[in-house]
Amino acid sequence: MLETIITPDMQLNELRNLPEFREIQNALLPESLFDLPRYGEKPLSAQADLWRLPLFCEGLNRALALRRAGCPVCLRYGPEPHQFLFHFPGVPGGRAVILCPGGAYSMVSLPNEGYPVAARLNSMGYHAVVVNYRTGAAAAAPGPLDDLAAALRFLQARAGELEFGLDGYLLMGFSAGGHLAGCLGTESLGWKRYGLPRPGAMALCYPVVTMGADSEPETKANLLGMHRAEPDWVRRYSLELQITADYPPTYLWQYDHDRVVPAVNSRLLDRALTAGGVPHEYETFPGTDHGTGLADGTAAAGWLDRAVRFWNAK
């Protein structure tokens, strides 16, 4: 049973200054996500409107337990400030899930789509790796994809040390992170181009799919920048146009009236996977929610169990 040290009543500064987190606080709790001048002396619950707080605490308690057990948790996969990942180790020699949180390529939504999902996967025995990647003004394509590929190469090179490999790994992404993961799953943009192992399966959660008229505007602007009106760029980064028969088996889900990413994105991908003969499972759930991560307490609760079952059946 996970010990509960971090609670919604803990102050943000108190959390950042835990001895176990001090060395990694700027990665684990970046100031770009947490307004220190406004919230530093307030309990985490003061920011409850920003994150699904109980799940955030669940994830951080797992990170704290790992740090107390001597695990580094935060590892650098490259020299740039944004090039870090979080390894939540599972059973030695076990299978791995690589996580790409969303954030419209403006930020990386670690608190709701990173740590809590990694902690839950650990409870199932799996290794979980949460990848940070470039965003904002630096997010122009193919930058984030280059980062994800670099992180995977880093993991490959350290398979013995980390006690897991990438054989049959599950690649999971949320929102814009779903677009990023989805692109890595393609031959034209992803694994084959970078000389990486093909994912064993994909889990794409309320993903941005198209760069066409139904895209999420902020995601498209950050990724394509000055090229966002150019047909060749729109085609290249519209995931539904890059699906081939070699695309990994895919578990896909979204709320049917998603208020941020139009639900037509998942429908476009479902149709493309069907047309390509790619084994997949597509679920929709009632609601307008977006960015729910584990989605406990919503109509989508339990999706992670189903995604893992889908992966293990392939």
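Which ordering of TYR194, TYR255 is given by a fewest-first count of other beta-carbon atoms within 10 Å? List each step's numbers first, then the result.
Values: TYR194 16, TYR255 23.
The most exposed by this proxy come first: TYR194, TYR255.
Given the -39500 (n - 2.57) contribution per DSSP H run of 4+ residues, what per-residue ellipticity at 222 nm results for the chain, rounded to the nearest 500 deg cm²/dmol?
Rounded to the nearest 500, the figure is -9500 deg cm²/dmol.
On C-alpha positions alone, give me the angle between the axis of helix 143-157 and the longest principal axis of the chain, in degrees, nearest 10.
Relative to the chain, helix 143-157 is tipped by roughly 70 degrees.
Given springs between every Cα pair under 10 Å in a Gaussian network model of the chain, which of PRO43, PRO249, PRO144 has the largest fluctuation?
PRO43
How charged is the neighbourhood of ASP246? Take every other residue with its Cβ under 14 Å from the Cβ of ASP246, and add Lys/Arg as +1 and Asp/Glu as -1.
With Lys, Arg at +1 and Asp, Glu at -1, the net is +3.
Fewest Cβ neighbours within 10 Å first, please rank ASP9, ASP289, ASP256 accordingly.
Working: ASP9 10, ASP289 18, ASP256 13.
Listing ASP9, ASP289, ASP256 from fewest to most nearby Cβ atoms yields ASP9, ASP256, ASP289.
For helix 53-68, report the angle its Cα long axis makes with the longest principal axis of the Cα atoms of the chain; keep it between 0 and 90° and round to the nearest 10°.
That helix lies at roughly 70 degrees to the long axis.
Rounded to the nearest 0.05, what FRET efficiency is calculated for ASP214 and ILE5 with R0 set to 41 Å and r the Cβ-Cβ distance? Show your work: numbers first, answer last.
Working: r = 44 Å, r/R0 = 1.06.
Efficiency, from the Cβ-Cβ distance: 0.40.
Which semi-axes, in whole Å and largest first, does the equivalent ellipsoid of the chain have when worked out from the alpha carbon gyration tensor as the square roots of 5 times its eigenvalues? Let's see the in-between values first.
On the way: eigenvalues 167, 92, 75 Å².
Over the Cα atoms of the chain, the semi-axes work out to 29, 21, 19 Å.
How far, in degrees from 0 to 90, does helix 303-312 lean away from the longest principal axis of the Cα atoms of the chain, to the nearest 10?
So the inclination is approximately 60 degrees.
Distance from a point 7 Å along Cα→Cβ of ARG259 to each backbone N in the range 16-59: keep the residues under 15 Å and list them by number.
Within reach of a label on ARG259, which here means backbone N under 15 Å from a point 7 Å along Cα→Cβ, the range 16-59 contributes 49-52.
Order the peptides 221-229, 153-161, 92-100 from the highest to the lowest mean number of other Cβ atoms within 10 Å of their residues.
92-100, 221-229, 153-161
How far, in nm, would the chain grow between ALA313 and ARG158 when pulled straight, counting 0.36 nm per residue and subtracting the alpha carbon separation? It would help to have the intermediate numbers written out before the result.
Details: separation 155, 0.36 × 155 = 55.80 nm, distance 2.70 nm.
So the chain would gain 53.1 nm between ALA313 and ARG158.
Classify the range 240-314 as rounded, prolate or oblate from the Cα gyration tensor: take a ≥ b ≥ c as the square roots of its eigenvalues, call it rounded if a/c is under 1.5, otherwise prolate when a/b beats b/c and oblate if not.
Oblate, since a/c reaches 1.5 and b/c is not below a/b.
Coordinate-derived values only; no laboratory data. Everything numeric here is computed off the predicted structure, so don't read it as measured data. Counting neighbours? That spans all protein chains shown, and the Cβs are built from the backbone with ideal geometry, glycine included.
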